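Worksheet for the structure shown next.
The values are calculated or read from the model by the stated rules, or taken from the named source; none is laboratory data. These numbers come from a predicted model, not from an experiment. Cβ placement follows ideal geometry from the backbone for every residue including glycine, while neighbour counts extend to all protein chains displayed. Just the protein is used for accessible areas: all its heavy atoms, side chains included, with ligands, DNA and RNA removed. Shrake-Rupley method; radii C 1.70, N 1.55, O 1.52, S 1.80 Å.
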Amino acid sequence: MLLKFYFFNYEIMNSYLTNIYLDVKIKVGEMMIADILVEIKKIDKTFSYLIPENLNIQIGCRCLVPFGKQTLEGFVINIKKYQPCDYELKEISELVDEKPVLNKELLELGKYISKKTLCTLTSAYQTMLPTALKAKKNFKINVKKVLFLRKVKDYSPTNENEEIIMNLLDNHDISLKEAKQTSQYTIDKLLKKGIIEKYYKEVYRLNEEVLEKETSKSLTEEQKQVISKIKLNEFKPYLLHGVTGSGKTEVYMQLIQKVINNKQALILVPEISLTPQLVETFKKRFGNDIAILHSHLSNGEKYDEWRKIERNEVKIVIGARSAVFAPLSNLGIIIIDEEHSSTYKQENNPRYNAIDIGLYRAKWHQCPIVLGSATPSVESYTRAKAGVYELLEMKRRVNQNLPNVTLVDMKKEIKNGNFIFAKILKEKINEKLNNNEQIILLLNRRGYTTISTCNDCGFTHKCPNCDIPLTYHLKNKKMVCHYCNYETNKLYNCPVCKSKNINERGMGTEKLEEEVIKEFPMAKVLRMDVDTTRTKQAHKKIITDFENLKYNILIGTQMIAKGLDFPNVTLVGVINGDASLNIPDFRSAERTFQLLNQVSGRAGRGMLKGEVIIQAFNPDHYSLVLAKNHDYIGFYNEEMHLRKILKYPPFYNLCLIKISGSDISKCENESNKIITYLRQNLDEEIILGPSPAIIPKINNVYHFHIIIKYKDTKKIYPYLQFINDKYSNSKVIVGIDFNPNKI
Ligand code: ADP
Ligand code: ZN
Ligand code: ZN
């Protein structure tokens, strides 16, 4: 097959790296002006302001400037000598940051994002900063300070308590809180005598337990091969295709070990709160000089982690998508784990993909970037085949063979009266329980029952804001909308025909848990889904408890499929393994294959052999059959064949134009105008729509889609830019999404 693909990422990236940055230093006594970038009505504007002599304005700082009667916050993007001009320049009123919050690299990166995703430069810069810094002007950034004690003069202790405290203080300063555990009285006495004193010390919020160190493992042949092929001092993207359990984490850690002598490492994971084990493994290997960035941290914690990075106090950053903007100044390697994960793409403006940003940064720092996955995205694998990425492979597990997978046809099982568990799954669960081995059960639906209808007239209980069926949640006894969180009571009478004959169908994890407890009364059962993990440490607790063998069965949504390593799990059961095929999206087969592969990968990771049972209604579908056979290449080829016929990526690029608003007819009107404009100007591209989105109404906002399938970004770009600018400040919201996750 002749590979003729269009690499969107590379195209714009290369043209963008040619920008030259001007470094201007202020000379004493000279009048200087600064170019300040501000956003006015969602449009970038740059204005010049005089720099007052007492302000140390630097490029990359934020400042406040007068604009008409308002004061605006803006970014300093250039500093230059004053030159007389026709109009009078105003002065910058206030400096927000003492030190630049954006360095040269991030300033340039913002331009790339703005161009690539059609967002304002201002919003690109805002995206790179932690929330605590993004806050509006009068918000005082909260540096956490704690009272500490230090020794002022030498003193010979006169009792045991004094001796303990003085000994502690000889080594290092301690917090007052910690010291008080010895003796409050003694501390007060020593303070009064002037032997010790109190002072405020800045501390970071994330308190870190110190874990026992673990040394590196001796590598398998395959791991050695992979590591030897990665060149550390030049820019190059690698795709590491390694089956589940092949030891990718060990490869990442040993690569990092090699670079952190004089450089820094950045590791992205899909969602870090789901992978506390990975963070722990890293801390055991590298100690606590690691910054962690993810969405479950408080704003204060995020700010602290950001400052650790910015102050060069850590060498390793682990984080989810937005950590790709970590202000590391001397990167030696970037690693993106589970590169196929859809979480790397931001759904809202700016709609960037962390992999693109990673590529950009690796190129800037002239370092390698490693994209790892057991099931690379079809697009990434195609790039690797075409030589854009270097392909590295690990085909074997470290400890065991890949688990044996059985597909069960639920149509037949139901005929035999097995509605929830197939006969073989029941038998296997009992077998594992008897052997004291652990079991994971995946059902990718949360809640109790998933649809409630009237048996007499067919009425379905739907969300009034989104028009989709409500899910019943047993815990709070409410019908809940999973799109807008609308909640209401369960219906006992049909509102249309008054019948009491209401039928509740469809099973979520809550119901599955109940069924498991009924069927296997001896088992200790744990559930992990969005509903059981709302509190901060909940993920970690569930994972640790299961790891410590406090439970026999872990039930969960796709949350449990990702990156977990439980050596005692020997059976994975998937309930409704093909449900995701019903999602009308061109990636649904790929997502199904990835999910099944990933969750299967949780079985038999330790010394015990694992097995997997997948229950499905269409067990003959290629994504299931090939997942059963652990046949990634087979899946890739099959999928590519269909993508070609259907003109999907990587044969075509996709651009999704989303038109949304609360007035449906205005949305339709504007959608029609946009598609007419596109059809007038583009002829080789395939333009589809406008059509209502898959969920046409969410929270009373209507959504319409226009899809463009195209080859040449340069050709369509000016028209999309025009549309973007035209609707930048309109009531009907128009969002343009290049390479969208879902269409
Ligand atoms: P992957 O990320 O590829 O799914 P992991 O990195 O989680 O796989 O590794 C799977 C298991 O193998 C882990 O328990 C890990 O500690 C172990 N492991 C990895 N490399 C080695 C090695 N070289 N020697 C011994 N055990 C290893
Ligand atoms: Zn009815
Ligand atoms: Zn809703």
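Laid out as a table, the results:
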read-out	value
Which numbered condition I187 misses (of (1) without any contact (Cβ under 8 Å) to a residue 40 or more places away in the chain; (2) open to solvent by 50 Å² or more (accessible area, probe 1.4 Å); (3) not assigned by TED's automatic domain parsing to the domain that holds A354)	(2)
Residues of the range 436-475 that turn out to be away from ligand 3 (no atom under 16 Å from the Cβ) and more than 27 Å from L549 (Cβ to Cβ), as a count	11
Among the candidates N444, N455, N476, residue that is buried (at least 20 other Cβ atoms within 10 Å of the Cβ) and either of a type outside the set (S, T, N, Q) or at pLDDT below 95 (or both)	N444
Some residue of the range 595-610 being of a type in the set (G, A, S), out of contact with any strand residue (DSSP E or B) (no Cβ under 6 Å at 6 or more places or on another chain) and surrounded by fewer than 22 Cβ atoms within 10 Å (Cβ to Cβ)	yes
Residue, farthest from N436 (Cα to Cα), within the range 481-504, restricted to residues that are surrounded by fewer than 12 Cβ atoms within 10 Å (Cβ to Cβ) and within 16 Å of ligand 3 (Cβ to nearest atom)	N489
Qualifying residues in the range 50-82 (those that are closer than 16 Å to T122 by Cβ and not hydrophobic (A, V, I, L, M, F, W, C)) - the one most open to solvent (accessible area, probe 1.4 Å)	Q70
Count of residues meeting criterion [more than 24 Å from C466 (Cα to Cα) and open to solvent by less than 60 Å² (accessible area, probe 1.4 Å)] in the range 682-711	7
Odd one out for V530, checked against (1) in the same structural domain as A603 (by TED's automatic domain parsing); (2) within 16 Å of ligand 3 (Cβ to nearest atom); (3) surrounded by 17 or more Cβ atoms within 10 Å (Cβ to Cβ)	(3)
Criterion (farther than 29 Å from S588 by Cα, touching a residue at least 12 places away in the same chain (Cβ under 8 Å) and part of a loop (DSSP other than H, G, I, E, B)) met by exactly one of K742, K731	K731
Members of the range 406-449 found to be of a type in the set (S, T, N, Q) and under 33 Å from the mean Cα position of the chain (by Cα), listed by number	T406, Q438, N444, T449
Tally, over the range 253-297, of residues that are among the aliphatic types (A, V, I, L, M), at pLDDT below 85 and part of a helix (DSSP H, G or I)	2
Enumeration of residues in the range 505-519 that are open to solvent by 60 Å² or more (accessible area, probe 1.4 Å) and either within 15 Å of ligand 2 (Cβ to nearest atom) or at pLDDT below 95 (or both)	R505
Pair list, Cβ under 7 Å, 6 or more apart: the range 680-692 residue among the small types (G, A, S), other residue open to solvent by less than 50 Å² (accessible area, probe 1.4 Å) and part of a strand (DSSP E or B)	G689/H705; G689/I706; G689/I707; S691/F704; S691/H705
Filtered residue count, the range 346-370, keeping only those that are under 27 Å from Y632 (Cα atoms), open to solvent by 10 Å² or more (accessible area, probe 1.4 Å) and within 13 Å of the chain's Cα centre (by Cα)	3
So I196, is it within 42 Å of the chain's Cα centre (by Cα), surrounded by 13 or more Cβ atoms within 10 Å (Cβ to Cβ) and closer than 22 Å to N159 by Cβ	no
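Here is a yes/no grid of residues against (1) more than 26 Å from Y632 (Cα to Cα); (2) in contact with a Ser or Thr (Cβ under 9 Å, 6 or more places away or on another chain); (3) at pLDDT 90 or above:
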| site | (1), (2), (3) |
| --- | --- |
| K180 | yes, no, no |
| V203 | yes, yes, no |
| L206 | yes, no, no |
| L211 | yes, no, no |
| E214 | yes, yes, no |
| S218 | yes, no, yes |
| I227 | no, no, yes |
| F235 | yes, no, yes |
| S246 | no, yes, yes |
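Yes/no per residue for (1) in the same structural domain as I716 (by TED's automatic domain parsing); (2) outside any strand (DSSP E or B); (3) modelled with pLDDT of 90 or more; (4) open to solvent by less than 20 Å² (accessible area, probe 1.4 Å):
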position	(1), (2), (3), (4)
C119	no, yes, yes, yes
T122	no, yes, yes, yes
T127	no, yes, yes, no
K140	no, yes, no, no
K153	no, yes, no, no
S156	no, yes, no, no
N161	no, yes, no, no
I164	no, yes, no, no
L169	no, yes, no, yes
